[in-house]
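Beneath this line is the structure, given in structure tokens, with notes to follow.
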Amino acid sequence: MTLREHVALSVAQLAQWASRQFGFGGGTNLPGRIARRVAPDVLRHQAQRLNGGVMLISGTNGKTTTSRMIAAICSQQGQPALHNRAGANLITGLTAATLDLGIWGAPQYNRALFEVDEAHLPAAIAETQPRVVLLLNLFRDQLDRYGEVDTLAAKWQKVLATLPSTSTVVLNADDPAIADLATGLQAKVLFYGLEDTRHGNDALRHAADSIFCRRCGQPYSYDPAYYGHIGRYYCPACGHRRPEPHIVLRQLELDGTRGSTLRVVLNQAQGQQALELNLPLPGLYNALNALAAIAATSALDVPLPIIRAALEQFSAAFGRIERFDYQQKQVLMALIKNPIGASETVRMITSGSQAPLNLMIAINDKIADGTDVSWLWDADFEALAGHTQKIVVSGTRAADMANRLKYAGIDQQQIHVEPDLAQAFDLAIANDTALTMLPTYTAMLEMREVLVDRGVLKPFWES
């Protein structure tokens, strides 16, 4: 490194220490901004210090959970990776994470694992020249920030084409926009996908995005669709269809909010291998996150017994599927932030549920959430009808959420509006039953601050 980069990282380290010492936050973004202002190429040069290379993970849903799964697998292997574990996934967050490499002497890690915001992926690829890129899915998320799915896909396609043949791109075969990114790449491509059709529907739901053929523009047919536009798609007009995946989730057994059992088949150059594991995370989407983690770590030649051991003792990232006890009651907190994620979370908490649910739903419209909350009308909150006993709604858009629940067919006597998050939590936890919390991103962080102050949880950068 140059003297300028040493100075940049030293000042950034001081800023990170001060931020944590004086309670300003986790120091997960500001130090990166400072370092990049002093030495704009600092991330590029830090990445070059890693002999094992860099892995980037991006997509609309599942980035944090999947990257943590991969980090757990690397640790199980005895080769822990540098990781932006707190979820700061802008280019400044990646830069701040490299402070953990150290400044003087040999780096503290051999490889890095970065979760990357969708809009920042092109810059992250250009600056880190990754060994592996894992792309999960593309859904409409924050239209006020990103625009439509095809806009992002075109930007990703352009930057992926710059990767050399020594890189590997791991793609979700079940997402048409993601699978099509394989076209024209020099890099090696691995596809992963679900083939247990019991978890699908015959037709697309209204929240689907990539519904038109990437070749001829005619509507895709699905056999089946799993959720949104994710599924086994084909074009009746021109014959374009989902590619055959190399890593296949052959059989999936879901067990409500408790977890799932996966049987995965890997078709590799050295032959076919099978992996069976019990995942302690619930929901179809978490099973697919695990499948993505298996595919990505297979690209690093991690032995299957190590992958199994890591995933079978995995716990989710803060706020994603976070469980804790409060006043001798069980609390489950699950992040929601867009139509598909919210719909699948509702599907998870209502699947196999026998007792009526005690819910708190907290909707904010701050910049990190997306200021456009029209997505609430695309999410399948109708599935809650008949499954609830009480719903407390909170956050800056509490009234909007209450209105959405009314039109979803929820008994209005069950709906209680309390914009203040701490008071809403106290109102919800007053019930004698377990509590399920569904917050958007900033609502989750604010709610965690309340719980940290009450001594229930640790700060997110320590989780």
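What are the residues in the range 367-381 that are farther than 17 Å from Met437 by Cα and over 19 Å from the mean Cα position of the chain (by Cα), if any?
Keep residues of the range 367-381 that are farther than 17 Å from Met437 by Cα, which gives 367-368, 370-375, 377-378.
If the condition is that a residue be farther than 17 Å from Met437 by Cα and over 19 Å from the mean Cα position of the chain (by Cα), then Thr371, Asp372, Val373, Ser374, Trp377, Asp378 are the ones that fit.
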### Query
Applying the selection to the range 4-15, what residues are in contact (Cβ under 8 Å) with a residue 24 or more places away in the chain and either of a type in the set (A, V, I, L, M, F, W, C) or open to solvent by 20 Å² or more (accessible area, probe 1.4 Å) (or both)?
Arg4, His6, Val7, Ala8, Leu9, Ser10, Val11, Ala12, Gln13
### Query
Of everything in the range 318-348 that's in contact (Cβ under 8 Å) with a residue 24 or more places away in the chain and of a type in the set (Lys, Arg), which residue is most open to solvent (accessible area, probe 1.4 Å)?
Arg347
### Message
Considering only residues that are closer than 19 Å to Leu101 by Cα and not in a helix (DSSP H, G or I), which ones fall in the range 53-76?
### Response
Gly53, Val54, Met55, Leu56
### Query
Of all residues in the range 351-377, how many are assigned to a loop (DSSP other than H, G, I, E, B) and either open to solvent by 10 Å² or more (accessible area, probe 1.4 Å) or more than 19 Å from Leu405 (Cα to Cα) (or both)?
15
### Query
Between residues in the range 163-175 that are more than 12 Å from Gly53 (Cβ to Cβ) and residues that are basic (Lys, Arg), which pairs lie under 6 Å by C-beta distance while being six or more apart or on different chains?
Ala173/Arg242
### Summary
Pairs returned, first residue in the range 229-257 that is without any contact (Cβ under 8 Å) to a residue 12 or more places away in the chain, second residue that is surrounded by fewer than 18 Cβ atoms within 10 Å (Cβ to Cβ) and polar (S, T, N, Q), beta-carbon separation under 7 angstrom, 6 or more apart or interchain, are Glu253/Thr261
### Query
Restricting the search to the range 222-240, which residues are touching a Phe, Trp or Tyr at 6+ places or on another chain (Cβ under 7 Å), closer than 24 Å to Leu284 by Cβ, at pLDDT 90 or above and open to solvent by less than 40 Å² (accessible area, probe 1.4 Å)?
Tyr222, Gly231, Tyr233
### Task
Just give me the residues in the range 360-380 being of a type in the set (Asp, Glu) and within 16 Å of Phe139 (Cβ to Cβ), in sequence order.
Asp369, Asp372, Asp378, Asp380
### Query
Looking only at residues in the range 264-317 that are acidic (Asp, Glu) and in contact (Cβ under 8 Å) with a residue 12 or more places away in the chain, which one is most open to solvent (accessible area, probe 1.4 Å)?
Glu276
### Query
Given the residues Gly395, Gly409, Gly370, which is the only one that is among the small types (Gly, Ala, Ser), out of contact with any strand residue (DSSP E or B) (no Cβ under 8 Å at 6 or more places or on another chain), in contact (Cβ under 8 Å) with a residue 24 or more places away in the chain and within 21 Å of Lys337 (Cβ to Cβ)?
Gly370
### Task
Check off (1) within 30 Å of Gly52 (Cα to Cα); (2) in a loop (DSSP other than H, G, I, E, B); (3) of a type in the set (A, V, I, L, M) for Ile307 and give me the number that stays unchecked.
(2)
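Taking the residues in the range 72-83 that are open to solvent by 10 Å² or more (accessible area, probe 1.4 Å) and touching a residue at least 40 places away in the same chain (Cβ under 8 Å) as candidates, determine which candidate is nearest to Lys337 (Cα to Cα).
Ala72
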### Query
If you scan the range 16-52, which residues turn out to be open to solvent by less than 20 Å² (accessible area, probe 1.4 Å) and either basic (Lys, Arg) or at pLDDT 90 or above (or both)?
Pro31, Gly32, Ala35, Ala39, Val42, Leu43, Gln46, Ala47, Leu50, Gly52
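Open to solvent by 10 Å² or more (accessible area, probe 1.4 Å), among the small types (Gly, Ala, Ser), out of contact with any strand residue (DSSP E or B) (no Cβ under 6 Å at 6 or more places or on another chain) and not in a loop (DSSP other than H, G, I, E, B): is that true of Ala106 in this structure?
Numbers: open to solvent by 10 Å² or more (accessible area, probe 1.4 Å): yes; among the small types (Gly, Ala, Ser): yes; out of contact with any strand residue (DSSP E or B) (no Cβ under 6 Å at 6 or more places or on another chain): yes; not in a loop (DSSP other than H, G, I, E, B): no.
Taking the combined requirement at face value, the residue does not satisfy it.
The values are calculated or read from the model by the stated rules, or taken from the named source; none is laboratory data. Remember, predicted model here, so these are calculated numbers, not experimental data. Neighbour counts are summed over all protein chains in view; Cβ atoms, including those assigned to glycine, are modelled from backbone coordinates with ideal geometry. Heavy atoms of the whole protein, side chains included, go into the accessibility calculation; ligands, DNA and RNA do not. Shrake-Rupley method; radii C 1.70, N 1.55, O 1.52, S 1.80 Å.
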